[in-house]
Amino acid sequence: MTITHNLGFPRIGTHRELKFALERYWKDPSLDSDLQAQASRLRARHWARQSALDFVPVGDFSLYDGVLDMSFTLGNIPERARRHGGSPLDQYFRVARGRATVDDACGCVHAGEMTKWFDTNYHYIVPEFDGATRFALDTTRLREQLQEARDAGVRAKPVILGPLTYLRLGKSKDGSERLALLPALLPVYAELLDWLGAEGVEWVQVDEPALVTDLDARWRQACADAYAHLAGHGPKLLLATYFGALEENLSLACALPVAGLHLDAIAAPHEVEAAIALLPSDRVLSLGVIDGRNVWKTDLHATLAWLEPVARRLGERLWIAPSCSLLHVPADLELETGMDPELRSWLAFAVQKLEELRLLQSALDHGRVGVQDALIANAAAVDRRRASPRVHQPQVAEAVGALSPALGRRASPHAQRAAVQAAVLALPPYPTTTIGSFPQTPEIRQARLRHKRGELGDDGYRAAMQAEIARCVQAQEALGLDVLVHGEAERNDMVEYFGEQLDGFAFSANGWVQSYGSRCVKPPILYGDVRRPRPMTVAWIRHAQSLTSKPVKGMLTGPVTMLNWSFVRDDQPRALTCRQLALAIRAEVLDLEQAGVRIIQIDEAALREGLPLRRAGWDNYLGWAIDAFRIAANGVRDDTQIHTHMCYSEFNDIIGAIAAMDADVITIEASRSGLELLDAFDGFRYPNGIGPGVYDIHSPNIPSREQIVGLMRAAASRIPPTQLWVNPDCGLKTRSWDEVMPALENMVAAARTLRAAA
Ligand code: GLN
Ligand code: ZN
């Protein structure tokens with residue numbers, strides 16, 4: 001009999017109930033019992049949705065973040081959060097979100113750092129370590145959830161983050177060695193496992209996704225030591241790996257003294273055979289056979305074709321599950337009643353994926369005939385999708401097939417273009433600009449909502465947005481900025497805005513995926529060949545340009561960012577989908593140029609986050625990603641200036657690839673990391689224009705003229721001043737006009753100071 005289980009279920013609730021309960025509690029801390037009650041209801045509901053499984057995850061639910069939960073379970077709470085006492089819940093959110101208190105000057109607690117969970121769009125709170133870190137077990141959270149699971153009558157499999165990955169994801173605050181903490185950490189893990197055993201738990205899922213990353217010999221040894229130490233403590237351990245292949249860590253993982261190993265057979269189907277061969281014959285092999293990171297229906301016939309022989313060989317030892325936690329997909333497709341029925345028939349969200357798992361189990365255990373109808377329906381949907389004219393547009397294939405590298409090359413080298421552009425644009429030294437968006441005011445959101453609901457007609461909406469653009473242009477003229485933007489009032493989201501206008505994209509109504517804490521995103525679903533039926537931005541930019549004699553930047557989202565922030569098709573390589581996106585953006589770039597737009601910015605905010613987990617995969621990714629950007633951007637004349645923007649400062653390790661994009665100007669996040677960013681320029685002379693962000697738009701603080709001058713002088717000591725631009729870190733849409741105006745005033749004043757001194 002094949003065992004089914006799940007690694008984790010989306011927590012936020014189909015209607016984002018957790019988000020709203022959190023926000024109510026944050027506003028009014030007396031609502032803590034309401035928050036806890038909502039959390040219990042969600043857990044009960046999620047277990048009910050999973051009740052057909054043999055093992056149901058417990059402890060995967062979190063009020064904010066699972067890694068932060070683990071820090072609390074291990075008693076690793078930053079001193080600054082403990083110092084002021086308060087309830088455990090209060091301390092928890094102090095680390096999660098920070099807190100500034102007005103009444104008590106030292107009550108200000110900064111939040112724990114947040115960063116991306118492997119190569120997903122989920123963000124976790126980074127564990128903090130220093131030489132004095134001590135651990136102490138706190139089982140409160142797990143005890144409550146286990147008790148609830150028992151009451152709900154499910155077969156509970158608690159989920160914890162393993163010691164290797166926990167240490168690996170944390171940061172040392174004082175330069176001390178993280179691995180040196182292992183001897184102190186392991187007894188607490190052992191105690192936790194002993195306690196779970198005493199609670200009558202049969203299996204514990206220990207997540208160790210760090211095993212799919214590059215580990216050096218010391219970390220590999222630490223992994224072996226850790227599990228040797230934990231052997232014999234508590235229940236049976238299922239060591240869960242996901243998001244990639246184990247590669248050189250496979251033999252290590254197979255040799256660990258645990259009772260079972262979970263492999264991501266979607267990301268690494270080629271490792272299944274090797275794992276069967278390496279794993280001792282008394283171990284369980286859990287295979288992630290359903291994609292936990294994408295929204296497509298599983299091809300059940302194809303899966304059974306390879307899984308049936310595996311099941312025959314493994315018998316009782318085979319477990320099946322989604323490839324990873326279902327945290328990364330929306331909860332339930334049933335809610336998408338407004339979605340086109342054909343498209344809907346191609347999809348599976350979390351609940352549907354678990355149903356697929358049950359079908360697979362039934363087919364494996366009792367033969368395909370018992371679930372014949374469901375298999376036939378599945379095959380029909382899969383076939384329809386494969387053959388659908390909505391997915392395949394012959395012109396797109398033709399256009400992509402005709403791509404040549406020449407399309408991605410500018411006519412002249414940068415130095416030559418720069419001279420032509422300087423003559424056309426006549427900008428001062430240290431030109432000032434912004435990244436694109438200006439505040440998204442309540443009035444803008446209101447107008448969009450009313451337009452969507454049909455209360456405001458197309459003409460009325462257009463007029464409202466044009467008025468916002470005019471306001472934005474006037475403000476920039478008053479500030480004395482050199483290169484203006486239209487302000488992006490008409491855009492709700494930088495990917496969705498374009499996706500809605502391109503063939504090949506669809507949008508869900510409730511397809512929320514947790515990004516961090518209470519924040520969710522609704523990624524577009526890129527299901528088919530991408531084509532641009534008509535210009536997407538030209539009219540807005542033209543309107544803005546008609547209001548000023550200063551240059552207005554055309555503003556686009558790049559192909560790599562559109563790809564990385566969407567659920568993309570699984571029936572062709574990502575690189576190919578990216579080329580299709582590149583052609584669509586290229587057409588828009590050329591139309592903007594045609595319309596007289598002299599500067600065009602193509603944002604690649606998410607370029608870096610597409611980097612593969614393993615270093616060995618970087619060159620391949622950067623190769624096709626940069627090519628796609630070049631195809632999108634580089635079809636323009638010498639006198640058209642291309643800008644790009646990136647939302648991160650760590651690009652030391654990819655600066656060669658970024659230079660290869662050959663954008664005339666690049667703007668990047670820099671203000672928070674101070675001078676760190678500039679290290680990249682010591683070993684590599686970035687050849688084109690560059691605007692290191694000097695205004696941290698994530699913070700309500702307003703930088704002073706002196707601060708900005710200081711940052712720019714530091715930049716000018718490493719980068720020739722003729723290459724430098726002055727701009728904020730990122731778009732201003734989350735800030736208010738009250739914050740933006742004084743900050744930009746100081747920025748313009750700083751540029752004048754720099755020019756006067758030059
Ligand atoms: N042009 C976009 C804006 O200003 C860029 C946003 C981003 O980089 N995330 O909002
Ligand atoms: Zn940005």
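Read-outs throughout are calculated quantities, based only on the coordinates presented, and are distinct from any laboratory measurement. In this text, all values refer to a predicted model and were calculated from it rather than measured experimentally. All Cβ positions, glycine included, derive from the backbone under ideal geometry; neighbour counts span all protein chains shown.
Each of GLU593, GLU604 has some number of other Cβ atoms within 10 Å of its Cβ, and from fewest to most they run GLU593, GLU604.
With viscosity set to 0.890 mPa s and temperature to 25 °C, compute the Stokes-Einstein D of the stretch 475-615, Rh being the Kirkwood radius across alpha carbon pairs; µm²/s, no decimals. Walk me through the numbers before you get to the answer.
Values: Rh = 16.4 Å.
Taking Rh from Cα pairs, D becomes 150 µm²/s.
Using θ = phi - 60° in the Karplus curve 6.51 cos²θ - 1.76 cosθ + 1.60, the 3J(HN,Hα) couplings for the stretch 124-131 round to 10, 8, 5, x, 10, 10, 8, x Hz; x is entered for Gly and Pro. Under 5 Å between amide hydrogens, built in the peptide plane, is the criterion, and for ILE666 it picks out THR644, GLY689, ILE690, GLY691 among residues at least 5 positions away or on other chains. Candidate cross-link partners of LYS297 among the lysines, defined by an alpha-carbon separation under 21 Å and a same-chain spacing of 8 or more, comprise LYS353, LYS522. Considering only ALA582, TRP565, GLN594, the residue lying farthest towards the positive end of the dipole of the stretch 565-627 is TRP565, judged by Cα position with unit charges set on Cβ.
Per-residue 3J(HN,Hα) values for the stretch 580-586, derived from phi via the Karplus relation 6.51 cos²θ - 1.76 cosθ + 1.60 with θ = phi - 60°, read 4, 4, 4, 5, 5, 5, 4 Hz in sequence order (x marks Gly and Pro).
What the pair-distance distribution of the stretch 589-688 shows, using all Cα-Cα distances binned every 10 Å from zero, is 14, 45, 32, 9, 0 percent. Dipole orientation for the stretch 10-54: of the candidates ALA21, ALA37, TRP47, TRP47 has the Cα lying most toward the positive pole (charges on Cβ; Lys, Arg +1; Asp, Glu -1). Can you list the lysines whose alpha carbon is less than 24 Å from that of LYS553, not counting same-chain residues fewer than 8 positions off? Output for LYS553: LYS733. Here the chain is treated as a Stokes sphere of Kirkwood radius computed over C-alpha pairs; at 37 °C and 0.692 mPa s its diffusion coefficient rounds to 118 µm²/s.
Give me the dipole magnitude in Debye, nearest 20, for the chain about the Cα centre, with unit charges on the beta carbon: positive for Lys and Arg, negative for Asp and Glu. Each step should come with its number before you reach the end.
Working: 81 positive and 93 negative charges, 198 e Å.
Here the size comes out at about 960 debye.
Ellipsoid semi-axes for the stretch 536-646, based on the Cα gyration tensor and the rule √(5λ), read 29, 13, 12 Å when sorted largest first. Against the main long axis of the alpha-carbon atoms of the chain, helix 737-757 sits at an angle near 60°.
This model, with +1 at the C-beta of Lys and Arg and -1 at the C-beta of Asp and Glu, gives the stretch 292-430 a dipole about its Cα centre of some 700 debye. For GLN641, the amide hydrogen comes within under 5 Å of the amide hydrogens of ILE599, ILE600, counting only partners 5 or more places away or on other chains and with H modelled in the peptide plane. May I ask you to list the lysines whose Cα is less than 20 Å away from that of LYS171, ignoring any residue fewer than eight positions away on the same chain? In chain and number order, the partners are LYS116.
Remark: the stretch 530-535, residue by residue, has Karplus-estimated 3J(HN,Hα) of 8, 9, 9, x, 7, x Hz, where x stands for each Gly or Pro and the curve is 6.51 cos²θ - 1.76 cosθ + 1.60 at θ = phi - 60°.
Based on the Kirkwood approach, the hydrodynamic radius assigned to the stretch 604-661 is 12.3 Å, with every pair of different Cα atoms included.
Sorted largest first, the principal axis extents computed over the alpha-carbon atoms of the stretch 164-264 equal 39, 31, 19 Å.
Close amide H contacts of SER515 (hydrogens built in the peptide plane, cut-off under 5 Å, sequence separation of 5 or more or a different chain): CYS520, VAL521.
When the alpha carbon gyration tensor of the stretch 593-632 is reduced to an equivalent ellipsoid, its three semi-axes come out at 28, 10, 5 angstrom, largest first.
Take every DSSP beta bridge with both residues inside the chain and express the antiparallel ones as a percent of the total, to the nearest 5.
Taking every DSSP beta bridge with both residues in the chain, the antiparallel ones total about 15 percent.
Considering only GLN145, PRO431, THR441, the residue lying farthest towards the positive end of the dipole of the chain is PRO431, judged by Cα position with unit charges set on Cβ.
Summing Lys, Arg as +1 and Asp, Glu as -1, what charge do residues with Cβ under 14 Å from the Cβ of SER362 carry, SER362 excluded?
-4
Restricting everything to alpha-carbon atoms, can you work out Rg to Rh for the stretch 623-758 with a Kirkwood hydrodynamic radius?
0.97
So what is log10(I(q)/I(0)) for the stretch 634-685 at q = 0.20, 0.22, 0.23, 0.29 1/Å, when the Debye sum runs over its Cα atoms only? Log-scaled intensity ratios, in q order: -0.74, -0.85, -0.91, -1.22.
The calculated Kirkwood hydrodynamic radius for the stretch 362-431 is 18.2 Å, given to one decimal from all distinct C-alpha pairs.
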